[in-house]
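The values are calculated or read from the model by the stated rules, or taken from the named source; none is laboratory data. All figures in this text were calculated on a predicted structure; none of them were measured in a lab. For neighbour counting, all protein chains shown are included, and Cβ atoms are generated from backbone atoms with ideal geometry for every residue, glycine included.
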Amino acid sequence: MRTFDTRILPAAMFVAMLLLCTSCIKPKITLFPDETAPLKEFTLQGSGKEKILLVPVRGFISDNPRDLPFSRRRSTVQEVVSHLRKAEEDKDVKAVIFKVDSPGGSVTASDILYHEIVGYKERSGAKLVAVAMGVAASGGYYISLPADSIIAHPTSVIGSIGVVFLRPNVGGLMEKIGVEVRVDKSGRNKDMGSPFRKATPEEEQMLQGLIDEMAVRFLSLVERHRKTAEGADIASARIYGAAEALRLGLVDRIGYVDDAVMEAKSLARLREDAKVVVYRRTDFPDDNVYNASTAKADAPELRLIDLGDALPPFRSGFYYLWLSEPPR
């Protein structure tokens, strides 16, 4: 016959009370720091009063947040705008460097970010520098256009100035497995762009018209902000190396992040001891200008499996994107 050990009763009661209390106050337990914490300022170099803010813009440009294992990542638009809002409240921020490493993203997200950067520049009077790292293509270049100076890393890929409309087509697969999708619609073009059938010639023409319209907007902004070389065939949407981009007038010089800092000091007429600052959500030991993370959750050693990168959802839509990586 088994006996009940009365010594565990107080412990059991304590656990029960603890569970009852926690169900009332609903505390948030964060195993991995994420991007919901507020931004704080950290100084990377310099000791003066005036500041140069370094803002990383990396990866696919989107206005959709991403849920990762153990953390949540803000969209590129939300994150960069958060930086700009915080900088606008600090009158000591005299210049902003956008460290861009992006193949672009959705048309709308890229345009929102462009609009926000232009608005910040007009309201604050700060000088802007964009430094292209590995890639500043399509939407990544689009958001760089408001900068007073664009610097390309010697190994940067620049350009892809154009629009692409992406949509999956599963019609052939569905025929093979004997599955059919029936669509009842109010107008003949209501399901235009459907992944379940081929587009009609009329639909292809309408889609191309939308693509051309968005491409004209991109090209007109390049014309407004840049003095490109006469006869430059940038409308072909090809990519360029740093030297060719410089020759065509797409960038102002070739250099490194340190050169971007010097350029920002020169444009804003800052003292040599001006601070270079970043906004992060957590402290990093031995921090420097090459750290593009704002929270420890970004660090590779804490991201066990990034299912968002491994299985990106294929979303139909219009993109300012060099197709070096799929949309997500």
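For the range 216-223, state whether one or more residues are assigned to a loop (DSSP other than H, G, I, E, B), surrounded by 15 or more Cβ atoms within 10 Å (Cβ to Cβ), out of contact with any Pro (no Cβ under 6 Å at 6 or more places or on another chain) and aromatic (Phe, Trp, Tyr). No - not one qualifying residue is present in the range 216-223. Every test in (1) at pLDDT below 80; (2) surrounded by fewer than 16 Cβ atoms within 10 Å (Cβ to Cβ); (3) closer than 29 Å to Ile158 by Cα is passed by Leu304 save one, and that test is (3).
For Ala235, are the conditions met, namely being surrounded by fewer than 17 Cβ atoms within 10 Å (Cβ to Cβ) and either more than 23 Å from His153 (Cβ to Cβ) or acidic (Asp, Glu) (or both)? Break it down stepwise before answering.
On the way: surrounded by fewer than 17 Cβ atoms within 10 Å (Cβ to Cβ): yes; either more than 23 Å from His153 (Cβ to Cβ) or acidic (Asp, Glu) (or both): yes.
Yes.
The set of residues from the range 259-271 being free of Cβ contacts under 8 Å to residues at least 60 places away in the same chain and more than 10 Å from Lys127 (Cα to Cα) comprises just one member, Met262. Check the range 45-52 and report whether any residue there is hydrophobic (A, V, I, L, M, F, W, C), at negative phi and modelled with pLDDT under 95. Checking the range 45-52: not a single residue is hydrophobic (A, V, I, L, M, F, W, C), at negative phi and modelled with pLDDT under 95. Only a single item in (1) free of Cβ contacts under 8 Å to residues at least 40 places away in the same chain; (2) under 19 Å from Val107 (Cβ atoms) is not met by Thr228, and it is number (2). Does the range 251-270 contain any residue that is at pLDDT 90 or above and touching a Ser or Thr at 6+ places or on another chain (Cβ under 6 Å)? Yes. Scanning the range 69-105 for residues being of a type in the set (Gly, Ala, Ser), surrounded by 23 or more Cβ atoms within 10 Å (Cβ to Cβ) and under 30 Å from Leu210 (Cα atoms) gives a total of 3.
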